[in-house]
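Below: the structure, in structure tokens.
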């Protein structure tokens, strides 16, 4: 696809635009590197479990459905309610990744809350 531009810039005008173009290209480069590193990131979250039979499987099935690896799952007793546990989970991917965002939305349908603790670089440990 070719484009023709109506405006022809003089050498002086082009020289004046050069810093803006360089800034724009640097910004695009930063965005590209952020997008490329989404695959190499981990996201931490916390969500409550329920004492109802099968509720844990139903809640965490979204990660299987969207093929997201859960690298760590820990549970701690909730201080709000007896027999309720809070699950702390690390998963592969950035929370801005559409697959991860869709899985978190689905998880939210099965839990009373989902709290994102943040996305951070995967150290590979």
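The values are calculated or read from the model by the stated rules, or taken from the named source; none is laboratory data. As the structure is a computational prediction, the values presented were derived from the model and not from experiment. When we count neighbours, we look across all protein chains shown, and the Cβ atoms used for this are built from the backbone with ideal geometry, even at glycine.
What to note about this one:
- Residue count for the range 1-23 satisfying the condition of being part of a helix (DSSP H, G or I), over 36 Å from the mean Cα position of the chain (by Cα) and either surrounded by 10 or more Cβ atoms within 10 Å (Cβ to Cβ) or at pLDDT below 70 (or both): 4.
- In the range 78-125, the residues that are touching a residue at least 24 places away in the same chain (Cβ under 8 Å), part of a loop (DSSP other than H, G, I, E, B) and surrounded by 11 or more Cβ atoms within 10 Å (Cβ to Cβ): 78, 84, 93, 94, 95, 96, 97, 110, 111, 112, 114, 122
- Residue count, the range 51-65 (criterion: part of a helix (DSSP H, G or I) and modelled with pLDDT under 90): 6
- Of the residues examined, residue 68 is one that is in a loop (DSSP other than H, G, I, E, B), surrounded by 13 or more Cβ atoms within 10 Å (Cβ to Cβ) and touching a strand residue (DSSP E or B) at 6+ places or on another chain (Cβ under 9 Å).
- Residue match in the range 24-44 (condition: part of a loop (DSSP other than H, G, I, E, B) and either on the phi > 0 side of the Ramachandran plot or surrounded by 13 or more Cβ atoms within 10 Å (Cβ to Cβ) (or both)): no
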